[in-house]
1. Give me the residue from region 36-63 that is among the acidic types (D, E) and surrounded by 10 or more Cβ atoms within 10 Å (Cβ to Cβ) and, out of that set, modelled with the lowest pLDDT.
2. Restricting region 2-35 to residues that are among the polar types (S, T, N, Q) and modelled with pLDDT of 70 or more, which is surrounded by the most Cβ atoms within 10 Å (Cβ to Cβ)?
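The values are calculated or read from the model by the stated rules, or taken from the named source; none is laboratory data. Fair warning: this is a prediction, and the values are worked out from it, not measured in the lab. Quick reminder, even Gly has a Cβ in these numbers, built from the backbone with ideal geometry, and neighbours come from all protein chains shown.
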Amino acid sequence: MPNPLESHGLRVSIRRARDNDDSLAADTIIQAFNDGLARRRADGRYTTLLDKHRYPHDTDELAAH
């Protein structure tokens with residue numbers, strides 16, 4: 001695959017709280033997402049998915065997270 005002109009990382013958006021109950025829900029979702037992502041990075045599934053979908057990735061960037 002040719003080198004892209006520009007590359008952007010993957011992002012996830014989660015609505016922040018309007019009140020204290022929403023804040024707890026948002027924090028729980030963010031923590032669960034981060035925990036799952038860390039497990040997939042650790043076991044190699046994250047890189048496998050990037051490769052499967054031909055998404056360019058930098059192994060140095062993955063190690064930094």
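1. Going residue by residue through region 36-63, those that are among the acidic types (D, E) are 43, 51, 58, 60-61.
Then keep just the ones that are surrounded by 10 or more Cβ atoms within 10 Å (Cβ to Cβ); that gives 43, 51, 58.
Numbers: D43: 97, D51: 91, D58: 68.
Checking each candidate, the answer is D58.
2. Among residues in region 2-35 that are among the polar types (S, T, N, Q) and modelled with pLDDT of 70 or more, the one surrounded by the most Cβ atoms within 10 Å (Cβ to Cβ) is N34.
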